[in-house]
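Working notes, structure below.
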């Protein structure tokens, strides 16, 4: 992972695959999509995707989470600065794990180190997005800090359909409402290269 905590990879998905993935009927948002949609489960098996995960994390990384976003008319929300700290796992007891919470029927937990840092997220973009369309804004290098607000300049990640943003889940990021809402479909998948302690197991693996 670059010291900035992210990198944009252009045109990973071809138009045919974008069209196929775009047929997934998840509305404005849906969790647990690795279990719900075979097309998305197959996405993680693509050699180019596996190469991106290996180069950003390690060859032992496994997919642990999938979320669908579509910032469209009727669901043009504001997302403030935050880090992705909760991961979906079946409940278990281990030192340092918690608190637990339910997100749309899926159990999630805040994990301790080293699991907290041994993750990577890939955001697959099915539509163009710029600063007028609710594109993601990030604070470079913030995954290496504990601050909850950017301490320096931020970057707007303008993307084209087919691009993939590789990012550390602890990178501070946000997105503003779109000025002229249209579809902004994103498949957000996360990997971890450490097994859970004890009898814990991932919800979506």
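Brief remarks follow.
- Scanning the stretch 80-90 for residues that are closer than 10 Å to residue 108 by Cβ and surrounded by fewer than 18 Cβ atoms within 10 Å (Cβ to Cβ) gives a single hit, 85.
- Qualifying residues in the stretch 175-191 (those that are within 16 Å of the chain's Cα centre (by Cα) and under 22 Å from residue 22 (Cβ atoms)) - the one surrounded by the fewest Cβ atoms within 10 Å (Cβ to Cβ): 188
- Qualifying residue in the stretch 144-151 (condition: surrounded by 21 or more Cβ atoms within 10 Å (Cβ to Cβ), in contact (Cβ under 8 Å) with a residue 60 or more places away in the chain, out of contact with any helix residue (DSSP H, G or I) (no Cβ under 7 Å at 6 or more places or on another chain) and on the phi < 0 side of the Ramachandran plot): no
- For the stretch 58-88, the set of residues classified as touching a helix residue (DSSP H, G or I) at 6+ places or on another chain (Cβ under 6 Å) and in a loop (DSSP other than H, G, I, E, B) consists of 61 only.
- Flag if residue 114 is surrounded by fewer than 15 Cβ atoms within 10 Å (Cβ to Cβ) and farther than 28 Å from residue 19 by Cα: yes
- Some residue of the stretch 134-143 being out of contact with any helix residue (DSSP H, G or I) (no Cβ under 6 Å at 6 or more places or on another chain) and at pLDDT below 90: yes
Okay, residues lined up against (1) out of contact with any strand residue (DSSP E or B) (no Cβ under 6 Å at 6 or more places or on another chain); (2) more than 23 Å from residue 10 (Cα to Cα); (3) surrounded by 21 or more Cβ atoms within 10 Å (Cβ to Cβ):
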{"site": "136", "(1), (2), (3)": "no, no, yes"}
{"site": "160", "(1), (2), (3)": "yes, no, no"}
{"site": "168", "(1), (2), (3)": "yes, no, yes"}
{"site": "173", "(1), (2), (3)": "no, no, yes"}
{"site": "193", "(1), (2), (3)": "yes, yes, no"}
{"site": "198", "(1), (2), (3)": "yes, yes, no"}
{"site": "203", "(1), (2), (3)": "no, yes, no"}
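- Filtering 91, 107 for residues that are modelled with pLDDT under 95, over 24 Å from residue 22 (Cα atoms) and in a strand (DSSP E or B) leaves a single hit, 107.
- The C-beta contact set for the stretch 160-182 (first residue without any contact (Cβ under 8 Å) to a residue 60 or more places away in the chain, second residue in a loop (DSSP other than H, G, I, E, B) and surrounded by fewer than 16 Cβ atoms within 10 Å (Cβ to Cβ), distance under 7 angstrom, 6+ apart or interchain) comprises 179/132; 180/132.
- Being surrounded by 18 or more Cβ atoms within 10 Å (Cβ to Cβ), out of contact with any strand residue (DSSP E or B) (no Cβ under 7 Å at 6 or more places or on another chain) and touching a residue at least 40 places away in the same chain (Cβ under 8 Å) holds for only one residue in 74, 141, and it is 141.
The values are calculated or read from the model by the stated rules, or taken from the named source; none is laboratory data. Every value quoted in this text rests on a predicted model; they were computed, and no experiment measured them. Here the Cβ is made from the backbone with ideal geometry for all residues, glycine too, and neighbour counts use every protein chain on show.
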